1. Which residue, of 140, 132, is out of contact with any helix residue (DSSP H, G or I) (no Cβ under 7 Å at 6 or more places or on another chain), modelled with pLDDT of 85 or more, surrounded by 13 or more Cβ atoms within 10 Å (Cβ to Cβ) and outside any helix (DSSP H, G or I)?
2. Looking at the structure I just gave you, is residue 265 touching a helix residue (DSSP H, G or I) at 6+ places or on another chain (Cβ under 9 Å), at pLDDT below 65 and farther than 29 Å from residue 28 by Cα?
3. I'd like the residue in the range 92-105 that is exposed (fewer than 12 other Cβ atoms within 10 Å of the Cβ) and touching a residue at least 12 places away in the same chain (Cβ under 8 Å) and, out of all such residues, is farthest from residue 5 (Cα to Cα).
4. Which one of these is in contact with a strand residue (DSSP E or B) (Cβ under 8 Å, 6 or more places away or on another chain), surrounded by 10 or more Cβ atoms within 10 Å (Cβ to Cβ) and outside any loop (DSSP other than H, G, I, E, B): 163, 194?
5. For the range 116-123, state whether one or more residues are loosely packed, with under 13 Cβ neighbours inside 10 Å and outside any helix (DSSP H, G or I).
6. So which residues in the range 107-127 are touching a residue at least 60 places away in the same chain (Cβ under 8 Å) and farther than 16 Å from residue 164 by Cβ?
7. Test residue 181 against the criterion of being out of contact with any strand residue (DSSP E or B) (no Cβ under 8 Å at 6 or more places or on another chain) and modelled with pLDDT of 85 or more, and give yes or no.
8. Identify, from the list 153, 102, the residue that is more than 15 Å from residue 9 (Cα to Cα) and touching a strand residue (DSSP E or B) at 6+ places or on another chain (Cβ under 7 Å).
């Protein structure tokens, strides 16, 4: 467990209060960071806090300012901002419960692990966790974190619970503006069967450890080659363009069949005719309603 909690407070459900701590459930991925370098001297470029007409200033002289009109600001100390009283700074009150799948995935932002703050909180914590499991609900409330108040969801996860910050509706773009031009057509049934068969073939359990950032790997490889080339410019271009375009989709049926190895997505269509055990000859299905006529 992390040495320091991201937030400490209580979950409140009616008259029940559960002391908890939350810890970030994510960490920064591997990245390749670059600095800006002054090429003639080979030295890094630095940035200074500069005031127009005055020049560089000390950090101690800098305050936060909110512009109320052009060129006029209300100045605030960080202490004044931190002192703003908000119940959700220390209390997450669960004000509503909704079905687990009723919150659109687009609203979810960042997850946090939630654990009891001490042994005395275990019983109430476990009761709430199991109640959420049985009802298949998630709790909703609001919580102040690092300078803003979030809508958050609370859901069970193993022995603990996970809190996820949600985006406000005002932060979301309207999907209609992007999806409006997509035709409302019914797909061809055979194409749909082939697509479903391809999805079924590639289905399996999620193993996150199998994925890694290939762009970071490629950048590291480029840096190593550049080091060995002693400054020679390296541009890789194999003459191919992997960018997808409408011209790539020439024959969707053929492409899907090729993806399936030439097989159809329908088991009925792929099933070979039966063979007799004695002669190996193919048999013909009898017509319904009676025996086959003799020639």
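1. None of the others qualify; the one that does is 140.
2. Values: touching a helix residue (DSSP H, G or I) at 6+ places or on another chain (Cβ under 9 Å): yes; at pLDDT below 65: yes; farther than 29 Å from residue 28 by Cα: yes.
Yes; evaluated as a whole, the condition is true for this residue.
3. Once the filter is applied, the top-ranked residue is 99.
4. None of the others qualify; the one that does is 163.
5. Looking for residues that are loosely packed, with under 13 Cβ neighbours inside 10 Å and outside any helix (DSSP H, G or I), one finds at least one in the range 116-123, hence yes.
6. Initially, the range 107-127 is screened for residues touching a residue at least 60 places away in the same chain (Cβ under 8 Å), giving 107, 110-118, 120-121, 124-125.
Within the range 107-127, 116, 117, 118, 120, 121, 124, 125 meet the criteria.
7. Against the criterion (out of contact with any strand residue (DSSP E or B) (no Cβ under 8 Å at 6 or more places or on another chain) and modelled with pLDDT of 85 or more), residue 181 does not qualify.
8. Testing whether each residue is more than 15 Å from residue 9 (Cα to Cα) and touching a strand residue (DSSP E or B) at 6+ places or on another chain (Cβ under 7 Å) leaves just 153.
The values are calculated or read from the model by the stated rules, or taken from the named source; none is laboratory data. Small disclaimer: the values here were computed from a predicted structure and weren't measured. Positions of Cβ are backbone-derived with ideal geometry, glycine not excepted, and every protein chain shown enters the neighbour counts.
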